[in-house]
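The values are calculated or read from the model by the stated rules, or taken from the named source; none is laboratory data. Predicted, not measured: the structure shown is a model, and the values here were computed from it. Cβ placement follows ideal geometry from the backbone for every residue including glycine, while neighbour counts extend to all protein chains displayed. Surface areas here come from the heavy atoms of the whole protein model, side chains and all, with no ligands, DNA or RNA. Shrake-Rupley method; radii C 1.70, N 1.55, O 1.52, S 1.80 Å.
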Amino acid sequence: MHDGWWTSLGWRWVLGGALVIGGCFDPDQVDQTSGGTSEGSAATGPGSTSAGMTSSVDPTTGLDAGSASATGSTGRLSTGPESTTSDSGSGSSGSSSSGADSSSGMPASCMDGRVNQDETDVDCGGSICDPCDNGQVCGVASDCLSTSCDAGVCIDYCAAGCLLVASNNAGTVYVYETDTLTEIASFPGMPNVQSVAGGEAGFIYAGASSQVFDIDVTTGAVTPLGAGLLSGFLYGTSVDSAGNIYLSSSSMADVRILLPDGSDGGIVDVLAGSNLRSTTFGPDGSFYLTAFGGNFVERWGPGLIYDGTFGGGGLGSPFGITARSDGTVIVASQNNGAYYVYTAAGAFVSSTAIACGGQVRNVAVDADDTLYVGCYSDGRVAVFSQANVEVDSILVDTPGGVGMLYEWPGPPP
């Protein structure tokens with residue numbers, strides 16, 4: 001008979017350095033390949049040797065202190081095949097295939113501060129958790145609160161540019177997704193709207209008659225600004241990097257600036273032009289204004305330092321103006337049925353005919369330098385590629401204003 005002793009768990013046997021619990025063990029059935037006792041071998045109790053190994057058993061606990069099978073790194077008893085988690089410092093973080101976090105043994109969740117389950121970032125994305133905020137990792141659009149996943153990162157909806165079109169007759173600003181040219185939102189209630197521009201934090205500004213409307217895309221609220229400071233039809237609306245609003249009209253001799261709260265921000269002193277139309281900023285901060293009465297464009301360098309006028313190439317009745325990412329300036333002629341391209345300094349480059357039946361108004365470009373031209377009389381916005389070829393069209397009643405929005409707070413409406 002092999003040595004053992006009785007405990008409250010039953011008989012414990014020491015066999016070849018291994019501790020076995022229970023009273024129904026047949027020591028002669030131990031797998032010989034495991035180093036256990038085979039027939040004819042000796043195991044004479046505590047301190048005895050088996051297969052060349054010494055078993056040192058603690059008589060108080062009954063544990064073989066040298067047995068890796070019996071204990072973990074701290075001498076804890078291994079009681080079955082499910083006991084695979086050791087003390088701190090062992091194991092791996094993250095989720096197991098069963099949905100449990102192996103570092104804590106707790107079930108994985110959308111509130112555990114880890115990237116597990118099918119999450120794309122910490123506690124967000126995937127099919128289980130809420131969508132991620134801007135700047136977090138994503139795989140597809142649905143991983144993002146904004147529904148915009150760009151190069152594996154959640155970004156603002158409209159970050160690549162959403163098209164704004166102000167309809168004069170409808171008194172409404174429409175918002176279009178530029179990839180599909182589908183309408184995603186509309187904001188009515190602005191009589192005589194003539195121009196439109198996107199601001200920061202999801203605000204849109206629409207120039208009308210002697211006032212500009214502040215549109216909050218989050219709430220849908222439309223608020224008039226500039227009472228007493230503005231006059232005439234506001235054909236031009238643009239916004240600088242600080243959120244200040246620049247407004248021009250045929251009834252004002254200078255460009256009026258409103259601060260983001262609608263208060264008076266001063267003027268841009270117009271030195272040469274008259275019958276003013278539209279404005280824009282170039283990528284270097286230069287400021288441009290079309291002067292319908294002079295058939296030219298006025299330019300101010302960065303910091304609003306006046307730099308003179310330019311035209312040429314047959315430009316007449318200049319109305320809409322915008323700038324591409326390379327700094328080239330595009331000017332639409334209201335009556336010539338064409339737009340004209342100039343360098344940032346004003347040198348003529350080319351002209352492109354537009355199939356508009358009459359009155360070409362405002363223009364805008366998106367982040368890909370696609371050009372949008374408002375054909376006011378035709379009731380459409382013509383879409384031109386970077387190669388100056390018309391590639392598409394959007395039907396909109398009297399599109400007086402055309403602009404871009406580059407920040408939409410949250411998902412589309």
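Looking at the stretch 156-169, is at least one residue surrounded by fewer than 18 Cβ atoms within 10 Å (Cβ to Cβ) and more than 12 Å from the chain's Cα centre (by Cα)?
Yes, there is a match, as at least one residue in the stretch 156-169 is surrounded by fewer than 18 Cβ atoms within 10 Å (Cβ to Cβ) and more than 12 Å from the chain's Cα centre (by Cα).
Only one of ALA160, ALA185 is in a loop (DSSP other than H, G, I, E, B) and either modelled with pLDDT under 95 or farther than 22 Å from THR280 by Cα (or both); which?
Only one candidate qualifies: ALA160.
From the set of residues in the stretch 366-413 that are closer than 16 Å to THR182 by Cβ and modelled with pLDDT under 95, which is most open to solvent (accessible area, probe 1.4 Å)?
PRO413
Listed residues SER231, SER274, SER278; which is free of Cβ contacts under 8 Å to residues at least 60 places away in the same chain and closer than 24 Å to GLY346 by Cβ?
On the way: SER231 fails: closer than 24 Å to GLY346 by Cβ; SER278 fails: free of Cβ contacts under 8 Å to residues at least 60 places away in the same chain.
The match here is SER274.
Going through the stretch 250-273 one residue at a time, which ones are open to solvent by less than 60 Å² (accessible area, probe 1.4 Å) and hydroxyl-bearing (Ser, Thr, Tyr)?
Of everything in the stretch 250-273, those that are open to solvent by less than 60 Å² (accessible area, probe 1.4 Å) and hydroxyl-bearing (Ser, Thr, Tyr) turn out to be SER250, SER263.
Output the residue which, of all residues in the stretch 189-215 that are open to solvent by 30 Å² or more (accessible area, probe 1.4 Å) and either in a strand (DSSP E or B) or touching a residue at least 24 places away in the same chain (Cβ under 8 Å) (or both), is farthest from PRO399 (Cα to Cα).
ALA201
Exactly one of these conditions fails for TYR176: (1) within 25 Å of SER286 (Cβ to Cβ); (2) crowded, with 19+ Cβ neighbours inside 10 Å. Give me its number.
(1)
Just to be sure I understand, how many residues within the stretch 235-277 are assigned to a loop (DSSP other than H, G, I, E, B) and over 29 Å from the mean Cα position of the chain (by Cα)?
Within the stretch 235-277, residues that are assigned to a loop (DSSP other than H, G, I, E, B) and over 29 Å from the mean Cα position of the chain (by Cα) number 15.
Would you pick out the residues in the stretch 294-309 that are touching a Ser or Thr at 6+ places or on another chain (Cβ under 9 Å) and either crowded, with 19+ Cβ neighbours inside 10 Å or free of Cβ contacts under 8 Å to residues at least 12 places away in the same chain (or both)?
Matches in the stretch 294-309: PHE296, VAL297, GLU298, ARG299, TRP300.
Return the only residue of THR219, THR180, THR147 being in contact with a helix residue (DSSP H, G or I) (Cβ under 6 Å, 6 or more places away or on another chain) and in a loop (DSSP other than H, G, I, E, B).
So the residue among THR219, THR180, THR147 that is in contact with a helix residue (DSSP H, G or I) (Cβ under 6 Å, 6 or more places away or on another chain) and in a loop (DSSP other than H, G, I, E, B) is THR147.
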